[in-house]
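What follows is calculated from the coordinates using simple rules that are stated; it is not laboratory data. A quick note: this is a predicted structure, and the numbers were derived from the prediction, not measured. Backbone-built Cβ (ideal geometry, glycine too); neighbour counts: all protein chains shown.
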Amino acid sequence: MSEKMKADSLEIVSTACELYAKDYMALSKLIKISMDKNHGSMWHVVVGENFSVELEYEPGTLMSLCYGGTLAICIWRT
């Protein structure tokens, strides 16, 4: 991801987590809608405390991070 896209993605994730800390479905939906709006379509989001994921993604569009110590978020575009 470009530095600009990383910064925007982190801002989107931070805002979504503040609004929907325990509602993972709403949190992932807000992240996806925001990423589609800001960076073009076909973004995917997985949010949870314990998951594994196997995926294919467009090079330069994968972000995986933790929020608040236990919440994992994976964002990618196909």
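Helix 3-19 axis versus longest C-alpha principal axis of the chain: approximately 30°, rounded to the nearest ten.
Note on the range 21-72: dipole from Cβ charges, positive end direction compared against His44, Met63, Leu27; the farthest Cα belongs to Leu27. Amide hydrogen proximity for Tyr20: with H placed 1.01 Å from N in the peptide plane, no residue at 5 or more positions away or on another chain lies under 5 Å.
With θ taken as phi - 60° and the Karplus curve 6.51 cos²θ - 1.76 cosθ + 1.60 applied, the whole-hertz 3J(HN,Hα) list for the range 66-78 is 10, 10, x, x, 10, 8, 9, 9, 10, 10, 7, 10, 10 Hz, x standing for glycine and proline.
Once the Cβ-Cβ distance of Met5 and Lys29 is raised to the sixth power relative to R0 = 25 Å, the FRET efficiency obtained is 0.80. Using Cβ point charges alone (K and R +1, D and E -1), the dipole size of the chain about the Cα centre works out to roughly 140 debye. Lysines within cross-link reach of Lys22: Cα-Cα under 25 Å, excluding same-chain residues under 8 positions apart? Within the straight-line limit of under 25 Å, Lys22 reaches these lysines: Lys6, Lys32, Lys37. Given the alternatives (i) 11.5, 35; (ii) 11.5, 30; (iii) 26.1, 81, Rg and Dmax of the Cα atoms in Å as computed for this entry is given by (ii). If both residues of a DSSP beta bridge must be in the chain, then about 100% of such bridges are antiparallel.
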